[in-house]
Amino acid sequence: MELPAAFEKRMQDMLGAEYTAFRASYNEPHKRGIRLNTVKCTKEQLERVLPFTLVQTPFSPLSFYAPTDTKMAALPLYHAGAFYSQEPSASSAVTLLAPEPGDKVLDLCAAPGGKSTQIAALTGDTGLLWSNEVVRNRAAILSSNLERMGVRNTVVSSVYPEMLAEKLGGYFDKVLVDAPCSGEGMFRRDPVAVQEWSPEHVETCAVRQLAILSSAAQCVREGGILVYSTCTFSTEENEGVVQKFLE
Ligand code: SAM
């Protein structure tokens, strides 16, 4: 698989001796997964009717590997909301957030709803789940996924994070920022992410992420938990280190 030269150079600098193994991983098929929706059914009920065996992933007790050629939308259980199609590692952010029954949880960048629906499964659809998605048509997809997964204890909004920080400062026990990013971790399955990538795009994302994170920090109560996640590797986006300010 061809990758942008500037990206390869950055990864070489970042990974050193580990780069060869990292580069070789692009020739392997990406892993697929399903996440059990305990709002609707148990693992045993799901297993009884699925055409494949559930193999646990290390990222969440609700996450299982699915065969790479699985056609999720062809399974009636998918439409019934018994599970959500989610890459195994994507389930780790909510594992860290560790939502519990009764928690008031804000998912600030929520569409299409993979992590919101995982949060609801862990709270048992109790407390409050506030799912926000700034892009209006993506908020509609989020609502439809929450509905399909049977999540009822939820509010869906479509506003900029600053507005939530202003109106609901300190209100939430737990806040998740699954930030819009340059998507370096998506290259293997999304050619558009490869085409759109550039060092400038990484920087633009980093600036936007810092603004979102600052609003998120205002929304969480004292002693609460804030989890920040991306599907990218760059230090600018993950550690807030913008290269040009270091030179
Ligand atoms: N958490 C989602 C899930 O698990 O299904 C995926 C979220 S995706 C990585 C990031 C989301 O942030 C996108 O839906 C995007 O529209 C939204 N977004 C874009 N710009 C934003 C901004 N300025 N503030 C908040 N969210 C933004």
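Return the residues of segment 163-212 that are under 20 Å from Gly113 (Cα atoms), touching a residue at least 24 places away in the same chain (Cβ under 8 Å) and more than 10 Å from the ligand (Cβ to nearest atom); say none if nothing qualifies. Within segment 163-212, Phe172, Asp173, Lys174, Val175, Ser182, Gly185, Arg189 meet the criteria. Is segment 4-24 home to any residue that is over 24 Å from Glu237 (Cα atoms), open to solvent by less than 70 Å² (accessible area, probe 1.4 Å) and not aliphatic (A, V, I, L, M)? Taking every residue of segment 4-24 in turn, none turns out to be over 24 Å from Glu237 (Cα atoms), open to solvent by less than 70 Å² (accessible area, probe 1.4 Å) and not aliphatic (A, V, I, L, M). Within segment 108-121, the set of residues being under 10 Å from the mean Cα position of the chain (by Cα) and either more than 12 Å from the ligand (Cβ to nearest atom) or over 11 Å from Arg35 (Cβ atoms) (or both) comprises Cys109, Ala110, Ala111, Pro112, Gly113, Ser116.
Residue pairs whose Cβ atoms lie under 6 Å apart, separated by 6 or more positions or on different chains, with the first residue in segment 81-98 and at positive phi and the second open to solvent by 20 Å² or more (accessible area, probe 1.4 Å) and in a helix (DSSP H, G or I), are Gly81/Arg148. All of Glu222, Glu203, Glu166, Glu196 fail the test of being open to solvent by 50 Å² or more (accessible area, probe 1.4 Å), in contact with an Asp or Glu (Cβ under 7 Å, 6 or more places away or on another chain) and over 15 Å from Asp107 (Cβ atoms), apart from Glu203. Per this entry, Arg152 is not counted among residues that are over 30 Å from Arg23 (Cα atoms), exposed (fewer than 15 other Cβ atoms within 10 Å of the Cβ) and touching a Ser or Thr at 6+ places or on another chain (Cβ under 7 Å).
Any idea which residue in segment 129-138 is nearest to the ligand (Cβ to nearest atom), counting only those that are over 24 Å from Ala82 (Cβ atoms) and buried (at least 16 other Cβ atoms within 10 Å of the Cβ)?
Among those residues, the one meeting the criterion is Val134.
Yes or no: Ser158 over 25 Å from Asp125 (Cα atoms), open to solvent by 20 Å² or more (accessible area, probe 1.4 Å) and either hydrophobic (A, V, I, L, M, F, W, C) or touching a helix residue (DSSP H, G or I) at 6+ places or on another chain (Cβ under 8 Å) (or both)? Reasoning before the result, please.
Values: over 25 Å from Asp125 (Cα atoms): no; open to solvent by 20 Å² or more (accessible area, probe 1.4 Å): yes; either hydrophobic (A, V, I, L, M, F, W, C) or touching a helix residue (DSSP H, G or I) at 6+ places or on another chain (Cβ under 8 Å) (or both): yes.
Against the criterion (over 25 Å from Asp125 (Cα atoms), open to solvent by 20 Å² or more (accessible area, probe 1.4 Å) and either hydrophobic (A, V, I, L, M, F, W, C) or touching a helix residue (DSSP H, G or I) at 6+ places or on another chain (Cβ under 8 Å) (or both)), Ser158 does not qualify.
The values are calculated or read from the model by the stated rules, or taken from the named source; none is laboratory data. Worth saying up front: this structure is predicted, and the values here are computed from it rather than measured. Cβ: placed from backbone, ideal geometry, glycine included. Neighbour counts: every protein chain shown. Note: accessible area is taken over every heavy atom of the protein model, side chains too, but ligands, DNA and RNA are not part of it. Shrake-Rupley method; radii C 1.70, N 1.55, O 1.52, S 1.80 Å.
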